[in-house]
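The values are calculated or read from the model by the stated rules, or taken from the named source; none is laboratory data. Since we're looking at a predicted model, the values are computed, not measured. Cβ: placed from backbone, ideal geometry, glycine included. Neighbour counts: every protein chain shown. SASA here: full protein model, heavy atoms, side chains in, ligands and nucleic acids out. Shrake-Rupley method; radii C 1.70, N 1.55, O 1.52, S 1.80 Å.
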Amino acid sequence: MKVFNLGDIVEMKKIHPCGSKNWEIIRLGADIKIKCLGCGRIVMLPRIKFDSGVRKIIKNNALNKESILKKEE
C-alpha cells in the first residue's frame, strides 16, 4: 500500500475530460478527495479505486508535513 499525504500531486491513469492527468490530494481517509489541477473539479473516490488509479506521485508533500510538525514543537 502506498503512503499519500495531504497536498501531494499525483498523476492518474485516466485523463480527466478537461485534458489534465494531475490531481492534488485534499482529503485522506477511507475515501480520498482529489482536486483536478486543470479545471478545479473535486472528486471523492474510495481508497481502493484511488490506489489502483494512481500512476505516480509527481510532488510528495511529506517534507512539508515534517517541517510543520517540527515548528509546532
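A few remarks follow.
- For the stretch 50-58, the count of residues that are more than 13 Å from Val10 (Cβ to Cβ) and of a type in the set (A, V, I, L, M, F, W, C) is zero.
- Residue among Lys14, Lys71, Lys21 that alone is among the charged types (D, E, K, R) and modelled with pLDDT under 90: Lys71
- Of the candidates Leu37, Leu45, the single residue that is free of Cβ contacts under 8 Å to residues at least 40 places away in the same chain and touching a helix residue (DSSP H, G or I) at 6+ places or on another chain (Cβ under 8 Å) is Leu45.
- Residues of the stretch 42-63 that turn out to be closer than 17 Å to Lys2 by Cβ, in contact with a Lys or Arg (Cβ under 8 Å, 6 or more places away or on another chain), of a type in the set (A, V, I, L, M, F, W, C) and open to solvent by 50 Å² or more (accessible area, probe 1.4 Å), as a count: 1
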